[in-house]
Amino acid sequence: MTIEATDLEYLRHAQEGKFDWGWLRDTKSEWGVRAKPSKVGLTMRDIAIGSYGDVPDHPARRTMAPRGSDVDPDVPDMGYTINDKAEVWSDNLLELYEEAVSRQWSATRDIPWTQLEELDPDIEHAMCQLSTVLSEVEMVAADFPAKWLWRINHDFVEAKMFLCTQVMDEARHTEVFRKRALANGGGLGKSKSVVERFLKLILDAQTYDEGSALMHLLGEGIVLSLFRAGELIAPSPVEKKIFRLCMQDEARHVAYGTMHLRYRLERDPSMAEDFHSYLDKGEEIIGMLFTTPEVVESTTLLAAGSLKAAEELGLGAADILRGRVIEEYLQRCDHAGLPRRGRVKLAPELLVGVARVNGEVAS
Ligand SMILES: [Fe+2]
Ligand SMILES: [Fe+2]
């Protein structure tokens, strides 16, 4: 690519009022195309009109030019590596982006931190341990999209924009659990290598497909189910609010991942086996997480309410919680068109709770 010299001749002509006006007169723009705001304002769906609204399956160029613009023939190549729409797209992207922008919240202002009261030390410890794990895992869901964002063709800009909202959401989740661990005297707990191994699997994914299945569908799906159980495990209204607000965000990320996988498989069913093998690997590590005391016992203690109650219940409460988490994950796989019942790489002992909740879990 050659960089043209500054056009001093143009400058001299313009100073005399002799303008080019080519952009005004000769442009192939879509004059007259007019987006109408909907009830909530002018949404991304409202402006998906004219040639701008056409998202090509295989863009002709790799530039940052907006779709629908009249592009110079000699624009530089940005080197994007994700140039197939099905690699990142989902039918709910535009709506999820709008929702993300309108439902941002503040971990500083929107959590009733002053209502935090002194808890039983064991319960405080459990909450801090769980907060440590959550604060640790949340950031991968920012790092992974950030790693792939620049590689995505700009014609799929809505996917990029949605992933930007996810990065912000996850920064806030990391923040809120770090704040919770430090806000009531417990402090940060243990970081386990098995947790880091799962995070590394996502970061090291060779393709966006692989990382997205492991993260949006499996990892975040499990975290979403845990947040959904917030009423059961939150020791005070403070944690209830934290879980509720995080759950809203997490539901968007999982909705994207599920619908993206569905979009991908509908266009190329032959990829099913690839996705199965990604999830085979991920579930093996998730199985280890389900037998990691820092993860299992902190949630069991919170659900039971005391050490004594937890010991009396044994893993009864944990079985139900785990069963619900796994059942919801399997439902998402079904919904994405990748049924994993009968194939899931979890020991039968870990699946005992699934049968109990089966049929009682909303999809
Ligand atoms: Fe999150
Ligand atoms: Fe997330």
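Are any of the residues in region 284-306 of a type in the set (A, V, I, L, M, F, W, C), part of a helix (DSSP H, G or I) and under 21 Å from residue 169 (Cβ atoms)? No: region 284-306 contains no residue that is of a type in the set (A, V, I, L, M, F, W, C), part of a helix (DSSP H, G or I) and under 21 Å from residue 169 (Cβ atoms).
Among the residues of region 122-152, which ones are assigned to a helix (DSSP H, G or I), away from ligand 1 (no atom under 16 Å from the Cβ) and in contact (Cβ under 8 Å) with a residue 24 or more places away in the chain?
Result: 122, 123, 124, 125, 126, 127, 128, 129, 147, 148.
Any idea which residue in region 24-66 is modelled with the highest pLDDT, counting only those that are surrounded by 10 or more Cβ atoms within 10 Å (Cβ to Cβ), outside any loop (DSSP other than H, G, I, E, B) and not hydroxyl-bearing (Ser, Thr, Tyr)? Out of the qualifying residues, it is 53. State which residue is nearest to ligand 1 (Cβ to nearest atom) when the search covers only region 249-262 and only residues that are surrounded by fewer than 22 Cβ atoms within 10 Å (Cβ to Cβ) and over 11 Å from the mean Cα position of the chain (by Cα). Per the criteria, the residue is 259.
Residue check: is residue 343 in contact (Cβ under 8 Å) with a residue 12 or more places away in the chain, under 25 Å from residue 208 (Cβ atoms) and more than 22 Å from the chain's Cα centre (by Cα)?
Yes.
Here region 158-191 is the region considered, the condition is being within 16 Å of ligand 2 (Cβ to nearest atom) and among the acidic types (Asp, Glu), and the residue that is farthest from residue 126 (Cα to Cα) is 169. Name the single residue that is surrounded by the fewest Cβ atoms within 10 Å (Cβ to Cβ) among those in region 135-151 being more than 12 Å from ligand 2 (Cβ to nearest atom) and within 22 Å of residue 64 (Cα to Cα). Once the filter is applied, the top-ranked residue is 150.
For the structure I just gave you, tell me whether residue 111 is more than 30 Å from residue 65 (Cβ to Cβ) and more than 16 Å from ligand 2 (Cβ to nearest atom).
Judged against the criteria, residue 111 is a match.
Any residue that is of a type in the set (Gly, Ala, Ser) and within 16 Å of ligand 1 (Cβ to nearest atom) - is there at least one of those in region 265-274? There is no residue in region 265-274 that is of a type in the set (Gly, Ala, Ser) and within 16 Å of ligand 1 (Cβ to nearest atom).
Looking only at residues in region 286-308 that are β-branched (Val, Ile, Thr) and within 18 Å of residue 201 (Cβ to Cβ), the one that is surrounded by the most Cβ atoms within 10 Å (Cβ to Cβ) is 286. Give the residue, chosen from 169, 155, that is buried (at least 17 other Cβ atoms within 10 Å of the Cβ), in contact (Cβ under 8 Å) with a residue 40 or more places away in the chain, under 22 Å from residue 98 (Cβ atoms) and more than 15 Å from ligand 1 (Cβ to nearest atom). None of the others qualify; the one that does is 155. One residue stands out in region 184-193 among those that are surrounded by fewer than 16 Cβ atoms within 10 Å (Cβ to Cβ) and touching a residue at least 60 places away in the same chain (Cβ under 8 Å): the one that is nearest to ligand 1 (Cβ to nearest atom), namely 188.
The values are calculated or read from the model by the stated rules, or taken from the named source; none is laboratory data. It should be emphasised that the depicted structure is a prediction, and the values quoted were computed from it without experimental measurement. Every residue, glycine as well, gets a Cβ built from its backbone with ideal geometry; the counts of neighbours run over all protein chains shown.
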